[in-house]
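Just so it is clear, none of the values below were taken in a lab; they were calculated from the coordinates. In this text the structure is predicted, and so the values were computed from the model without any measurement. Here the Cβ is made from the backbone with ideal geometry for all residues, glycine too, and neighbour counts use every protein chain on show.
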Amino acid sequence: MAYDTLIVEVSDHVALIKLNRPDALNALNSTLLSELAAALTEAQGNEKVRCIVLTGSEKAFAAGADVKEMSSKSFVDVFGGDLFTPETEAIGRVRKPIIAAVSGYALGGGCELAMMCDFIIASDTARFGQPEVNLGIVAGLGGTQRLTRLVGKSKAMDMNLTGRFMDAEEAERSGLVSRVVPAKKLMDTAMEAAQAIAVKSQLTTMAIKESVNRAEETTLREGLLFERRLFHAMFATGDQKEGMGAFLEKREAQFRDR
Ligand code: DAK
């Protein structure tokens, strides 16, 4: 499918989705968010896709929700119209792993979109922030919730209350991003990580995604039980036999998602 605000390429079992509103630093307007939801839903349904990489430009992953589009909206518009809820719920329904490859600004809704992905690989130019406070609003897509779980209360308060930006080094140190690489290596690193995931059993990678996400939503006791039952369930798959058999036979596993 062709999109106005995205460039989508599928190769070697990886869907690369690039946000493409360069004139607005990839600000998230309603067209971009609904196209992103559609592209991710399409990638979820495409058997050839086993991992997804979401990225922006060198200058901006995304500089936030589109202030020009939002500024004149009323409470009735945003609450009554449930602004962005269907789009973000569609993103949350994707079961395949999504890597955010972040260069430049990831601000407001841009930082929140990166946090909706399963992990973030950042370039050394990345800048993260929740500057909504400067616009007279609070974050609305996880900036007070996911950020707090990732970096803790103190830094989440600091980021949300002052609106300051966090550089890549601080973001890695704080647990917001999984790794930082030189800007020139960002896409190669993200695609290599995606390839590493794509050759695994998809049953296993989807189970891992569900289980790690469960850790944020439940008690340790319930989470450990959920993880153990998933572990038990893996023994009903051919991929467990193949993975362990390949290890014992000292060869590469050939997973079949069965
Ligand atoms: N929206 C619209 N346009 C934006 C934009 C944004 N967020 N960010 C940048 N642009 C546009 C600029 O207006 C400018 O356009 P022209 O003037 O050339 O037409 C162009 O991109 C280049 O930007 P600058 O000229 O400002 O570039 P600089 O390098 O000087 O500065 C910057 C880069 C990223 C520091 C600066 O642009 C900036 O501060 N941008 C705004 C960052 C921001 O405040 N982001 C938070 C937005 S609020 C919701 C859930 C979530 C949200 C909303 C609702 N619901 C659940 C309902 C989220 C809210 C937000 O994200």
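The ranking of Leu33, Leu135 from fewest to most other beta carbons within 10 Å of each one's beta carbon is Leu135, Leu33. Residues Phe61, Phe119, ranked from the fewest to the most other C-beta atoms within 10 Å, line up as Phe119, Phe61. In the chain, Rg over Rh equals 0.99, where Rg is the alpha-carbon radius of gyration and Rh the Kirkwood radius from pairwise Cα distances. DSSP assigns beta bridges within the chain; of those with both partners inside it, close to 30 percent run antiparallel. What the phi angles of the stretch 197-207 give under the Karplus curve with 6.51, -1.76 and 1.60, with θ = phi - 60°, is a coupling list of 6, 5, 8, 7, 5, 5, 4, 6, 5, 5, 5 Hz, glycine and proline written as x.
Only helices enter this figure: runs of n ≥ 4 DSSP H residues, each worth -39500 (n - 2.57), summed and divided by the residues of the chain, yield -13000 deg cm²/dmol at 222 nm to the nearest 500.
Restricting attention to the stretch 1-136, lysine pairs at least eight places apart or on different chains and with alpha-carbon atoms under 29 angstrom apart total 9. Normalised by 2.2 N^0.38 Å, where N is the number of residues, the C-alpha radius of gyration of the stretch 9-88 stands at 1.24. The ranking of Asp188, Asp167 from fewest to most other beta carbons within 10 Å of each one's beta carbon is Asp188, Asp167. Across the stretch 8-23, coupling constants 3J(HN,Hα) worked out from phi with the 6.51/-1.76/1.60 Karplus curve, θ = phi - 60°, read 10, 10, 10, 8, 6, 6, 10, 8, 9, 10, 10, 5, 9, 10, x, 5 Hz, and Gly and Pro carry x.
Available extension along the chain between Arg221 and Ser154 is 21.5 nm, counting 0.36 nm per residue and deducting the alpha carbon span. Taking 13 Å as the cut-off, the amide N atoms of the stretch 1-16 that come nearer than this to a point 7 Å along the Cα-to-beta-carbon line of Lys48 belong to 1, 8-16. Taking 0.36 nm per residue of sequence separation and removing the Cα-Cα distance, the Leu135/Ala2 pair yields an extension gain of 44.5 nm. Here the peptides 229-238, 45-54, 204-213 are ranked by packing, the mean other Cβ count within 10 Å, and the order with the highest first is 45-54, 204-213, 229-238. What the Cα atoms of the stretch 1-136 give is an Rg and a Dmax of 14.5, 45 Å. The stretch between Met234 and Ser34 holds 68.5 nm of extra length on full extension. This uses 0.36 nm per residue minus the Cα-Cα distance.
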